[in-house]
1. Could you go through region 380-399 and let me know if any residue there is over 22 Å from Glu284 (Cα atoms) and of a type in the set (Val, Ile, Thr).
2. How many of the residues making up region 45-83 are surrounded by 21 or more Cβ atoms within 10 Å (Cβ to Cβ), over 19 Å from His200 (Cα atoms) and under 14 Å from the mean Cα position of the chain (by Cα)?
3. So Gln380 passes all but one of these: (1) exposed (fewer than 15 other Cβ atoms within 10 Å of the Cβ); (2) in contact with a Ser or Thr (Cβ under 9 Å, 6 or more places away or on another chain); (3) polar (S, T, N, Q). Which condition number does it fail?
4. If only one of Leu360, Leu432, Leu345 is more than 24 Å from Lys291 (Cβ to Cβ) and at pLDDT below 95, which one is it?
5. For residues in region 99-142 being charged (D, E, K, R) and either assigned to a loop (DSSP other than H, G, I, E, B) or on the phi > 0 side of the Ramachandran plot (or both), which is surrounded by the most Cβ atoms within 10 Å (Cβ to Cβ)?
6. Being under 30 Å from Leu432 (Cβ atoms), touching an Asp or Glu at 6+ places or on another chain (Cβ under 9 Å) and in the same structural domain as Gly320 (by TED's automatic domain parsing) is true for just one of Gly300, Gly282, Gly240, Gly286. Which residue is that?
7. Of the numbered conditions (1) under 16 Å from Gln355 (Cα atoms); (2) in a loop (DSSP other than H, G, I, E, B), Trp445 fails exactly one; give the number of that condition.
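The values are calculated or read from the model by the stated rules, or taken from the named source; none is laboratory data. Quantities reported herein were computed from a predicted structural model and do not represent experimental measurements. Methodologically, a virtual Cβ is constructed for each residue, glycine included, from the backbone with ideal geometry; neighbour enumeration extends over all protein chains shown.
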Amino acid sequence: MAYGALGGGTFLVQNKILPGSYINYVSVPRASNLFSDRGYAAIGMPLDWGKTGEIITLEPADLQTESLAILGYSYTHDKIKPLREIIRGAKVVYLYRLNDSGGKKAEGSLGETLKITAKYEGIVGNEIMISCENDIDTEGAFVVTTRVNGTRVDEQVVKKATELEDNKFVDFKASGDALTLSAGVKLAGGANGTVTGQSHSNFLEIIEKYDFNCIGYAGTDETIKSLYHQFTKRMRDDEGVKFQAVIYNMDPTKANYEGTINVKNKALDDENEAALVYWVTGQEAGADVNKSITNKLYDGDYKVFTKFKTRDAKEAIIKGYFFFYEKNEEVRVLEDINSFTEFTLYKNEDFSKNQVMRVLDQRAKDISIIFNKRYLGKVQNNEDGRIAFWNELVRHANTLTELGAIEDYDPKDTTVEKGYAKDAVVVKDYLLPVMAMQKLYMTIWVR
C-alpha cells in the first residue's frame, strides 16, 4: 500500500488540505543552565620567536610541553617567566607577539642543494643548527638533525634532500637530491621586529573577536596605558563586552574606572618594573565569581617592592591602586580593588570592588549570551516569550545564589516587560552581591 497521497509533516496553523498526520516535536520551554567560564587572559608581549599577526592560544599544558616550539625557549627559561606568572591564575592565555613588524628569519644552507629557513622571525632562529650524518643502520641514508640551543628537536632519516619534511622550527627547500655531510650548520640573520604604538593597536583590534576576562599591559608608556584604558572603556560601555584591564601605575585621576585595575608596586629584579601586571592579570582573570583575591599570597617569581609606610598603603587604596604589602616575609594583596574612586549616589564604592564587578559582569555576559543564542530573532515578544526569558534570568540568579555570589534574591527582583518598540524587551534586575570578609570590628566586654 502506498502512502504518497496522504499528507504529513509538521504544521504551523491548522490549515492542511490533505488527510494525514501532522506532528510537531516541541520542547517544553525550560531555562538553560548557561554559566560562562572564567580564567581567560589576554596579553601582548615582545617575543624572540613565534607567530606574528595572530593570537597564540596557550593553556598550561602547552606552555609546559610545547614552549620551545611555540615561543623559542623551554618552560623554565627566564624569558618565559611572564607567562608562568599569568598561568598561575589563568587557564587560557591569548598571547600576541607585539614586535610584529620588521623582523627577519634566520637562514642557512647545507651544501649547494638545501636551503634552510627558520619557521619564524626572531633571534631564536640564530640558535638553530642543522647537522647531516651518515645513517649507520641504513646504507645510503642520512640522519638530518635539527637542534635549538643544543637541544635536539627533530631527526629525519632520508636518502635524498627532497625527502626532508619541514618541522616546527625550520622549512627545507631542496633544489636537488644530494645531501652534504656536516657536523652542524648554524642559521644566521634572524632578527626581532620592533614594537610600536601600532603594534598595540593591531593586538587590540584582533583581540576584540575573543572572549576573555582580563587583558594586561605590562609597560610604562603613558600613551599606551591610555590606549588600553580607553579600549576597555569602549568595549564595556559601548559594546557591552565585559572584561577588565590591568595596567601599571597610571595616574589615578586618569584611571578612575571600574574596568581598570591599576597596579601600584614595581618589580625590583626585572628590567621591566611593570612586570607584576602579569601575575595580577592571571589572578583576576581566573578568580571565581564568588571569590576575592584580597589578602592572596603572591606566589610569583618577581621580587616585589613593598617598602611603604602604613599611610602610603591607605593613600594607595583611597586613590584606587591595586597594592601589595609585606608582613612576616610574605607578600600579599592588600585589597582586591579597581581604580574607580569617584563615587556617586548611583554608582557607589561597591563598584570599586573587583569581586562585585565579577558578579555583575558574569550576570551581564551570561544573559547576553542566552538572549543572543536562544531568543534573538527566534522567540516572539509576547507574554509567553517574556515569561520564558524571565525564567532564564531567575535560574541564572539562583545559580549565583547557590555559589554564594549574591544573596537575598527574590524572583520578584527581576522583571521582563515589553519595550516601546514591538521587538524590544526591558529587563529590570536587582542583585545584592556578596563580598568576602575584609574588616573585623570586635568589642570585648570585661565583667
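1. Yes, region 380-399 has at least one match.
2. Selection size over region 45-83: 1.
3. (2)
4. The conditions single out Leu345.
5. Applying the filter and picking the extreme gives Asp100.
6. None of the others qualify; the one that does is Gly282.
7. (1)
Okay, residues lined up against (1) in contact (Cβ under 8 Å) with a residue 40 or more places away in the chain; (2) on the phi > 0 side of the Ramachandran plot; (3) among the aliphatic types (A, V, I, L, M):
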position	(1), (2), (3)
Phe324	yes, no, no
Asn328	no, yes, no
Asn348	no, no, no
Ser352	yes, no, no
